[in-house]
1. Can you name every one of the helices (runs of 4 or more DSSP H) wholly within region 383-445 that holds 1 or more residues which are at pLDDT 80 or above and within 18 Å of residue 317 (Cα to Cα)?
2. Does residue 567 satisfy the criteria of being in contact with a Lys or Arg (Cβ under 6 Å, 6 or more places away or on another chain) and under 29 Å from residue 795 (Cα atoms)?
3. If we keep just the residues of region 240-253 that are surrounded by 24 or more Cβ atoms within 10 Å (Cβ to Cβ) and in contact with a Phe, Trp or Tyr (Cβ under 9 Å, 6 or more places away or on another chain), which is farthest from residue 674 (Cα to Cα)?
4. If we only count helices (runs of 4 or more DSSP H) wholly inside region 631-745, which ones have 2 or more residues that are in contact (Cβ under 8 Å) with a residue 24 or more places away in the chain and within 30 Å of residue 242 (Cα to Cα)?
5. Quick one: residue 108 ticks every box in (1) crowded, with 22+ Cβ neighbours inside 10 Å; (2) closer than 30 Å to residue 343 by Cα; (3) modelled with pLDDT under 90 bar one, so which box is it?
6. Of the numbered conditions (1) over 32 Å from the mean Cα position of the chain (by Cα); (2) crowded, with 22+ Cβ neighbours inside 10 Å; (3) assigned to a helix (DSSP H, G or I), residue 583 fails exactly one; give the number of that condition.
7. Quick check, is residue 312 crowded, with 23+ Cβ neighbours inside 10 Å, in contact with a His (Cβ under 7 Å, 6 or more places away or on another chain) and within 17 Å of residue 362 (Cα to Cα)?
8. Being in contact (Cβ under 8 Å) with a residue 12 or more places away in the chain, assigned by TED's automatic domain parsing to the domain that holds residue 772 and of a type outside the set (Ser, Thr, Tyr): is that true of residue 877 here?
Amino acid sequence: MSDSSVPGGVRCSGGFAFVGRLRELNDVVSTLLSPPAIVLVEGEAGIGKSRLVYEAGAALGRAGRPVVTGFCHPLRDPVPFGPVIDALSKTGPLLPAREQIPRTAGALATLLPDLADRLPFPPPPTDDAGEERNRRMQGVRSLLAALGPVTLVIEDVHWADDVTRELLLLLSRDMPEQLSLALTFRAGDLPPGSPLLGAAFRRQPGTRGCVLHLLPLTEQEVWELTQDALGLSADAAVGRTLFERSAGVPLVAEEDLITLREKTRSGVPAADTDLATELEHAELPHGLRESLSERLVSLSPDGLAVVESAAVLAVPATEELLAHVADLTDEDEAKALMEALNASVLQEVSPAHYAFRHVLAQQVVYQQIAGPRRTRLHRRAKAVLESLTSPPLVQVAHHAFALGDKDAWLECAEAAANQAVALGDAGTAATLFHQILDQRELPTPIRSRVAIGLALIAANGVDYTADAALLRRMLTDPQLPTATRGEIRLALGLLITNHAGDRTGFQAIEQAAEELAERPVRAARAMIALALHEQDGAGDRAWEWMHRADAALRASPDAAMLATAEATRLTLMAREGDPAVWDEVDRLPRRCEDVDILRQTARALYNVGDIAVELGHDRRAETLLTESRVLAHRAHVPYLESYSRIVLARLEGLRGNWTNVEKRFNALAYEYPDIAMLRMEQAMLLGLIADARGRRRQAVAQFTAAAELGKTESQVTMRLRAAAALATTCLSEGTLGKAWAFVEPAAATLREAAAWARATGLVPVAVETALARGDREFAESVADDAEDGLQGRDAPAATAELHLARGLLHGATEQAVRHFGLARQLWADIGRPYNRAQATERMGIALAETDPDQGYSRLDEALSDFTKLGATYDAARCQSTLRTLGLLRRAPRGRHGYGDQLSPRERQVAELLAQGATNRDIAQALFLSPRTVETHV
């Protein structure tokens, strides 16, 4: 399709990325490439019908198949078959010689004056209008047949006149053999109960067909659109706001993106520009205003009254409620509602509840209501809602605010927030608490009550940034009572440790424990949190804090706080690899009616499940984390639900499903942009995959990012994992000094925290690094300390790492083979193929000198496992080792008949080139000579 067939630039979507419609595009293109064929594309205004057929036209054009397009319009010029004639007027370059065009096509000469001299002579004039119409219809078919393989696209057929629809119906019943037909339309704008081409339409035998109903874009797809349009200026907050405003309608999203692009400069965000806030206050998209205004003018006064009532209510409403607010009788309201539904202004969003398609449509209507009428509607809505047996307090507060009654709003908003807390809806409660605390000159008693309310729920939310900022601001209020200040400081400390992974939060928690002296149960909550801090030697006090918390709770009947203490005790047991923890976890209450106790069960299951991964109980971990995710959802603890999803994604990576897990982490990163744990785990995973594929610089960057984030965590595990990964990378590059710089302080941290039961990869790399620099004493002391620390512990992964370390200490001996074999078996039992392949490789090297056949067998096995995983660097290293040891079973030279396809090695080179690797990088990654790499390139 040429650009000239696309009016203005709108049809091309202003250069925006084409997202979320690839499956539909494939369906359309494959159908249209197999004529005769008919494609029907249906969807609401702005949903992307035109963009889809435009992209399909571009694909057809690349395949050498021409496309001609005509457009229907609501205000039609009196031209017979106008849209079809519009399309045919562009067929000049496609016309064959006049003698090859059927004579019947001459009937179109007067309708196509620019092509008249290339068409057959027109037939004699006739006064019979019916005859003339039949001639022209036959002429259209004859001309389309003469064009050969061509696709006719008619847009917005819901605006087509009856004659044009009749023509399209006749074409569909007698398609030229090489014609494909694509029609776009809005079902909501067709007469009620009327099919697009009438009841007589049937796709004929031998004609291919495809009917598509386009749905709104998902939140992830809107995010992809946002990233493409705004580049570095895009963030998750902008993506979420854009999705909420547009409800996934591409045209609405794109209009907002045009506005936002004007706020940025060359894709680089200004330091003081908050694009999400800009978007919230942006004007309503012009295209949406036009589309909706067009529908509103067709409504009767009663129909408009119902629509305005829905706009004021701002939530899905029943017929009865709409009737009361609109001040209509039931009978009049029923007719008016049907009118609004038929005009596609309102829709039934749930059984017997009606609302606008998306929030911006509601805002368009709301802004058009005159002030005095808007006030009357809000007053009626408030009165009706207050008269209900169980008034929806959030909605009542909304109408009080709209009426300017601040006192009534404060009272109702606080009651609504407390109601939301009681119902477990922390998100709604937090929003209301924020709105109340944002008010100026708020009385101190209300401020204190609301501050405590927010503090008590903040730790369970996921909007960490906004809650933390507000809690910090509240702490500056000198009028707050000490205990209230302690509650706020405790909430702030829990927020920044749990969500930001910032261990400075423990300082706030310790101070809160003192401020809460008059509230021993809340002070115990602070002590329980302090028990989990293990950085900088704080782990030595873990059980001391637990004993103090137990003492504070001894006389307390607070079952929820006792459950909190129990969850923390189980966490500490798991952290130490205590085998008794599993039976105790199994006894946790899963079906408790008390939501606070259920939350602590979810927390215990998550904590123990997360540590189970470090211990090497992967299957048990998956069970616990899945349970935690389900319970967290039931108990309304979104941050725990997100944490479980993150660790389950990590497990996916440990099992070797690297392609899928990268996608999972990217999706999670969009959902939870502020959770530090997610950034750490994603960096470790991406670093591992990059290292396994020889992308060293990328791996180092990811591991370094994880190490920096790990410094602020309460646990030592991430610091140790990142240090081990960086040291391993340095050893591979031959930079022994750098490796030691990571190993030495990390080993000191490991000893200080006594974290021997948790597998971090540090013990074997510490031993290998120390041996490489000739410090056998250090290597043996690390292995001995690890062995002592694992006595009586249930930690198969750390045990596997200890066997690797022992194997390294024994060198190429039978003892080394035994230890590597035990590590290999343990990793196999745990279910981690990459670790298993690494141990198998070590075993093969150790066997090579004494038993070459067995050595070859193990190395070949490791090579196969690495190849299956996509670990190209490790696979190349295995090949290099086999070659160096003289064990490589050479294959015949040459390209093995790959023809014009890339060989596996050439594919590896091509992938690294695409990732920006130099020839030298590729040579190191694949253990090839630079000249060989040049040949492949």
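1. Working: elements: 393-402, 406-422, 426-437.
Here the list reads 393-402.
2. Values: in contact with a Lys or Arg (Cβ under 6 Å, 6 or more places away or on another chain): yes; under 29 Å from residue 795 (Cα atoms): yes.
Yes.
3. For region 240-253, the residue satisfying everything is 250.
4. 638-654, 658-671, 676-692, 696-710
5. Failed condition: (2).
6. (2)
7. Taking the combined requirement at face value, the residue satisfies it.
8. Criteria met by residue 877.
The values are calculated or read from the model by the stated rules, or taken from the named source; none is laboratory data. Note that the structure is predicted; figures quoted are calculated from it, not measured. Every residue, glycine among them, receives a Cβ derived from its backbone with ideal geometry; neighbour counts consider all protein chains shown.
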